[in-house]
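What follows is a set of notes on a single structure, which appears directly below.
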Amino acid sequence: FAQTTVKEPWVRGTVAKQKATGVFMQITSTQGGKLVSAQSPVAGVVEIHEMAMEGDVMKMRAVPGLELPPGKAVELKPGGYHVMLMELKQTLNAGDTVPVTLVIEGKDGKRETVEVKAPVKALGSSKP
């Protein structure tokens, strides 16, 4: 019985030589817990990031985990929390599917893994 569900996952498409992109989704943990890590075969490094204002500057920084309140959907979205895929091994094109494994730590310290298949969406506009 999976305690954590993921809805509407997607990955922002990349262009050639681009080495990083974000994964976005809604995560709901019935019991509550914390997203502690993620992995994907397409990336050498996967981190949980947040966008935060520091003064007048929007900064992106890695966080050790993302709290998942019991039964409440937590949205990972552009400009907020997201999973960052870095050291990409290939270009991610619209229509591709990226497998991502999420590791959720429950209140009891037990960990569960959630396999997500995230479709790649095209970048907003790729025309120069």
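The values are calculated or read from the model by the stated rules, or taken from the named source; none is laboratory data. Please read these numbers as outputs of a predicted model, since none were measured by experiment. No Cβ is skipped: glycine too gets one built from the backbone with ideal geometry, and neighbour counts run over all protein chains shown. Ligands, DNA and RNA are stripped out before the accessible areas are found, and what is left, the full protein with its side chains, is counted by its heavy atoms. Shrake-Rupley method; radii C 1.70, N 1.55, O 1.52, S 1.80 Å.
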Label-point gap, in nm, between Glu54 and Thr30 - each point 7 angstrom along Cα→Cβ: 4.0 nm
Averaged over every viewing direction, what's the projected area of the C-alpha convex hull for the chain? Give it in nm², one decimal, please. 8.7 nm²
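Counting Lys and Arg as +1 and Asp and Glu as -1, what is the net charge of the other residues whose Cβ lies under 15 Å from the Cβ of Arg61?
Working: positive: Lys59; negative: Glu47, Glu50, Glu54.
With Lys, Arg at +1 and Asp, Glu at -1, the net is -2.
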Report the label-to-label distance for Gln39 and Lys117 in nanometres (one decimal), using points 7 Å from each Cα along the Cα→Cβ vector. 2.0 nm
Under a point spin-label approximation (7 Å from Cα along Cα-to-Cβ), what is the Gln18-Lys110 distance to one decimal in nm? 4.0 nm
Surface accessible to a 1.4 Å probe, Glu105 within the full protein complex, Å²: 60 Å²
Cβ-placed point charges (K, R +1; D, E -1), dipole of the chain about Cα centre in debye, nearest 20: 300 debye
The chain: relative contact order in percent, alpha carbon pairs under 8 Å with at least 6 residues between: 33 percent
